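Colleague: Questions regarding the structure given below will be posed in turn.
The values are calculated or read from the model by the stated rules, or taken from the named source; none is laboratory data. Values in this document were obtained by computation on a predicted structure and should not be read as measured data. Reconstructed Cβ throughout: ideal geometry from the backbone, glycine too, with neighbour counts over all protein chains shown.
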């Protein structure tokens, strides 16, 4: 499965547009449990945990997007857009991804 943010794929021809595919996923709610006061106030561990959670959620979202496209018999997704929005003060975020499922040769 080819994934790209561009509307075309160099060296490939889009033969069929199968429709828009999208997915939404959320990061795990951040927890400061097990952190020392120094860690909490420095923010280093806090942001490292949040970054890890965000990367894992992004990967889950891309896997869901690919599954949706495969169900349409696509072999590529073009025009991918990724949006990350904070939805709470506890460092929880929503990741939405949208693209166009296509067949390329």
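Colleague: Specify which of the listed residues (102, 78, 98) is within 10 Å of the chain's Cα centre (by Cα) and touching a residue at least 12 places away in the same chain (Cβ under 8 Å). Quick ask: steps written out before the conclusion?
Modeller: On the way: 102 fails: within 10 Å of the chain's Cα centre (by Cα); 78 fails: within 10 Å of the chain's Cα centre (by Cα).
Result of the check over 102, 78, 98: 98.
Colleague: Next question. Taking residue 49 as the residue in question, decide whether it is farther than 17 Å from residue 80 by Cβ, out of contact with any helix residue (DSSP H, G or I) (no Cβ under 9 Å at 6 or more places or on another chain), at pLDDT 90 or above and not in a strand (DSSP E or B).
Modeller: Values: farther than 17 Å from residue 80 by Cβ: yes; out of contact with any helix residue (DSSP H, G or I) (no Cβ under 9 Å at 6 or more places or on another chain): yes; at pLDDT 90 or above: no; not in a strand (DSSP E or B): yes.
Considered against the rule, which asks whether it is farther than 17 Å from residue 80 by Cβ, out of contact with any helix residue (DSSP H, G or I) (no Cβ under 9 Å at 6 or more places or on another chain), at pLDDT 90 or above and not in a strand (DSSP E or B), residue 49 comes out as no.
Colleague: Among the residues of the range 1-20, count how many are surrounded by 13 or more Cβ atoms within 10 Å (Cβ to Cβ) and not in a strand (DSSP E or B).
Modeller: 5
Colleague: Please go through the range 60-83 and pick out each residue that is over 15 Å from residue 104 (Cα atoms) and loosely packed, with under 14 Cβ neighbours inside 10 Å.
Modeller: Those that are over 15 Å from residue 104 (Cα atoms) and loosely packed, with under 14 Cβ neighbours inside 10 Å: 63, 67, 71, 81, 83.
Colleague: Sticking with this structure for a sec: Considering only the range 1-18, state which residues are touching a helix residue (DSSP H, G or I) at 6+ places or on another chain (Cβ under 9 Å) and more than 14 Å from residue 82 (Cα to Cα). Working first, answer last.
Modeller: Step one: list which residues in the range 1-18 are touching a helix residue (DSSP H, G or I) at 6+ places or on another chain (Cβ under 9 Å), which gives 1, 3, 18.
Selection gives 1, 18.
Colleague: Among the residues of the range 62-98, what is the count of those that are touching a strand residue (DSSP E or B) at 6+ places or on another chain (Cβ under 8 Å) and either at pLDDT below 95 or assigned to a strand (DSSP E or B) (or both)? Break it down into steps so the answer makes sense when it comes.
Modeller: Quick first cut of the range 62-98, residues touching a strand residue (DSSP E or B) at 6+ places or on another chain (Cβ under 8 Å) only: 62, 64-66, 68-69, 72-87, 92-98.
Narrowing the set further to residues that are either at pLDDT below 95 or assigned to a strand (DSSP E or B) (or both) leaves 76-87, 92-98.
Counting residues in the range 62-98 that are touching a strand residue (DSSP E or B) at 6+ places or on another chain (Cβ under 8 Å) and either at pLDDT below 95 or assigned to a strand (DSSP E or B) (or both) gives 19.
Colleague: Might you let me know whether the range 23-44 holds any residue that is surrounded by 12 or more Cβ atoms within 10 Å (Cβ to Cβ), part of a loop (DSSP other than H, G, I, E, B) and at pLDDT 65 or above?
Modeller: Among the residues of the range 23-44, at least one is surrounded by 12 or more Cβ atoms within 10 Å (Cβ to Cβ), part of a loop (DSSP other than H, G, I, E, B) and at pLDDT 65 or above, which makes the answer yes.
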